[in-house]
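> Here's a structure for you.
Nothing in this text is a laboratory measurement; each read-out follows from the coordinates by a stated rule. Quick caveat, the model's predicted, so the values are computed rather than measured. Virtual Cβ from ideal backbone geometry, glycine too; neighbours counted across all protein chains shown.
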Amino acid sequence: MIQQRAWDVEYLDATDWAILGHLQRDGRLYNKELAERVGFSQSTCSARVKRLEDAGIITGYQANVDCSKLGAGFSARAVIEVDGASWDTLNAFKAHLAASTLIASAEQSARPHIFTLHVVGDSFEAWGAFLAAAAEAGFALSVPHFDMVMERVKAPSSAPHIRRVA
C-alpha cells in the first residue's frame, strides 16, 4: 500500500479517496453504483471522478488479461541494462520496447540505463528473438537478472491501493 504524504494535486478528501479505492477494485462500476457506495448524488460523484481525471490522478481504465488463457506459454521478469547509452539511445530503446508485442510492461529505473521488463510470449524462443532484434537495431544490452514466472498468484492492478496519511 502506498502511503500518501504530499501529492502535487489539490486537496483530496475522504470521498475522493473512497472513489479511488472503489475504482481501483472495479473500474467498470457504473456511476450510479459508485455514487451509492460513497453516499453522494450521481451528478456530484460524476463531477468528482471528472475532477480526478482532469487532475491526471485517474489516467484511464483497463481490463486485466490473463495472457496464459490466450496462448502465452512464457512469462518472465527481466532486468535489462543498456550499455553505454546516450539519452538518444535510451529514447530509441524506449520506443523499441513500446513497439514490441513481447513486452507487456516496462519500467525505467532511477539509473536511467536500467529497465525492468515483464515479458509475455508464446515461447522462450520469442525472448531470444527480442534480444536478437534489439542487437540488430544497434542496442548493446546485458541482462543481469532474468526470472521465468512459474505461477501468477495475484493479478496485476492498474495501481496499488492507496491511502492518505496526514
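> Net charge near HIS145, counting Lys/Arg +1 and Asp/Glu -1 over other residues with Cβ under 11 Å of its Cβ?
Values: positive: ARG77; negative: GLU81, ASP147.
My count for the surroundings of HIS145 gives -1.
> Also, I was wondering about something else. Please compute the contact order of region 2-62 in relative form: average sequence separation of alpha-carbon pairs under 8 Å and at least six residues apart, divided by the residue count, as a percent.
Numbers: 26 pairs, mean separation 16.8, N = 61.
Reported as a whole number, the value is 28 percent.
> Please give me the summed charge of the neighbours of ALA134: other residues whose Cβ is under 14 Å from its Cβ, Lys and Arg +1, Asp and Glu -1. Could the numbers behind the result be given before it?
On the way: positive: LYS94; negative: GLU81, ASP83, GLU136.
Neighbourhood net charge equals -2.
> Still on this structure: Within 11 Å, Cβ to Cβ, of PRO112, how many net charges do the neighbouring residues add up to if Lys/Arg are +1 and Asp/Glu are -1? Intermediate values should be presented prior to the final figure.
Working: positive: LYS94, ARG111; negative: GLU81.
Taking every other residue near PRO112 into account, the sum is +1.
> Roughly how far apart, in whole Å, are the Cα centres of region 97-134 and region 56-74?
Taking the Cα centre of each part, region 97-134 and region 56-74 sit 16 Å apart.
> Right, next: Counting each DSSP H run of 4 or more residues in the chain as -39500 (n - 2.57), what helix-only mean residue ellipticity at 222 nm follows after dividing by all residues, to the nearest 500 deg cm²/dmol?
Working: 5 runs with 59 residues, N = 166.
Computed mean residue ellipticity for the chain: -11000 deg cm²/dmol.
> Continuing with the same structure: Counting pairwise Cα distances across region 67-148, what percent come out greater than 18 angstrom?
Working: 1191 of 3321 pairs.
In whole percent, the long-distance tail amounts to 36.
> A follow-up question, please. Nearest 10 degrees is fine. How inclined is helix 14-25 to the longest principal axis of the chain, computing both from alpha carbons?
40
> Charges only on Cβ, +1 for Lys and Arg, -1 for Asp and Glu: so what's the dipole of region 67-148 about the Cα centre, in debye to the nearest 20? Can you show the working numbers first?
Values: 4 positive and 8 negative charges, 46 e Å.
Dipole magnitude for region 67-148 comes out near 220 debye.
> Go through (i) 18.9, 73; (ii) 19.8, 57; (iii) 18.3, 57 and flag the label whose value is the computed Rg and Dmax of the Cα atoms in Å for this structure.
Recomputing Rg and Dmax of the Cα atoms in Å here picks out (ii).
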